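Every read-out reported here was derived from the displayed coordinates using simple, explicitly stated rules and does not represent laboratory data. Note that the structure is a prediction, hence the values are computed from the model and not measured. Neighbour counts run over all protein chains shown; Cβ positions are idealised from the backbone, glycine included.
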Amino acid sequence: MARSYVAEARRRGLGTRKERIRPIIDRLAAEHADATIALRFRSDVELLISVMLSAQTTDVNVNRVTEKLFEKYRRPEDYLAVPIEELERDIYATGFYRQKTKSIRGAMRVLLEEFDGEVPRRLDDLLRLPGVARKTANVVAAELGHAQGIVVDTHVRRLSQRLGLTRNEDPVKIERDLQRIVPRADWARFPHLLIWHGRRICDARRPACESCVLVDLCPSARVDVVAV
Ligand code: SF4
């Protein structure tokens with residue numbers, strides 16, 4: 001499916017991926033000027049915890065849980081000072097609470113032992129924290145102003161494919177394709193732009209192509225709204 005969108009871009013004469021990426025970014029930036037991370041946090045550690053909790057659940061749900069959680073747990077040590085069952089209860093509503101508790105405690109322990117309790121900026125260091133996989137590390141590094149990759153979530157994957165920016169299905173390969181064409185200065189905000197566009201306009205089942213600012217750059221724009 002994704003493969004045909006790249007070919008379709010050629011067929012419709014929309015230009016190469018490299019030619020289309022600048023106007024795609026600029027138009028999305030103008031359209032979604034408010035596109036930022038939806039998680040609420042006040043410190044680097046709160047950012048890390050929020051992103052870890054956001055696996056398999058919504059940002060709204062995480063914010064609901066962390067509102068109370070961050071009042072109670074203020075430093076990395078606090079997550080290790082309570083019995084495991086207590087932390088499990090405190091994050092229960094985010095789902096997968098046993099695994100998340102294990103990951104959070106492991107990550108806080110390594111933060112304290114190896115990084116003086118500070119969240120590292122380098123992707124390789126972030127990946128050394130238990131329970132921190134590439135997507136989490138990318139989100140945290142980008143929010144800390146040190147983007148070293150491009151976050152690929154379900155929206156980024158769908159939109160990158162629909163826009164004919166990748167032929168791939170695997171998130172790591174999609175990220176590699178995007179890194180080749182998205183200017184480095186835009187690595188942090190590009191996923192936010194796609195995520196917000198995906199939520200507001202380019203819905204998985206019912207893309208609103210008639211209201212989309214990318215309609216003349218998108219190989220999967222519905223043919224009833226674009227002259228092909
Ligand atoms: S034109 Fe349609 S399919 Fe393409 S990005 Fe816009 S809403 Fe999505």
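Just a few scattered comments:
- Gain on full extension, evaluated as 0.36 nm per residue between Glu88 and Val226 minus their Cα-Cα distance, stands at 44.5 nm.
- For Val226, Val6, Val156, order by how many other beta-carbon atoms lie within 10 Å, fewest first: Val226, Val6, Val156
- When the Gaussian network model of the chain links Cα atoms closer than 10 Å, the mean-square fluctuations of Arg12, Arg42, Arg22 top out at Arg42.
- One compactness figure for the range 79-228 is 1.29, namely its Cα radius of gyration divided by 2.2 N^0.38 Å.
- For the range 34-112, the Cα gyration tensor yields ellipsoid semi-axes of 19, 14, 11 Å (square root of five times each eigenvalue, largest first, whole Å).
- If only the Cβ of Lys and Arg carry +1 and only the Cβ of Asp and Glu carry -1, the dipole of the chain around its Cα centre is close to 1000 debye.
- Label-point gap, in nm, between Thr58 and Glu210 - each point 7 angstrom along Cα→Cβ: 2.6
- Stretch in the chain that is longest and holds no GluC sites (Glu not before Pro) that DSSP places in a loop and that have at most 16 other beta carbons within 10 Å: 1-117
- Hull-based mean projected area of the range 103-190, where the convex hull spans the alpha carbons, in square nanometres: 5.7
- In terms of overall dimensions, the C-alpha atoms belonging to the range 1-44 reach 48, 24, 15 Å along their principal axes, ordered largest to smallest.
- Summing Lys and Arg as +1 and Asp and Glu as -1 over all other residues whose Cβ lies under 11 Å from the Cβ of His32 gives a net charge of +2.
- Cα centroid separation - the range 152-228 against the range 1-64, whole Å: 8
- Cross-link check: pairs Lys72/Lys173; Lys102/Lys173; Lys18/Lys135 evaluated at a Cα-Cα cut-off of 31 Å; pairs beyond the cut-off: Lys72/Lys173.
- FRET efficiency, Glu71 to Ala133 (Cβ-Cβ, R0 30 Å, nearest 0.05): 0.60
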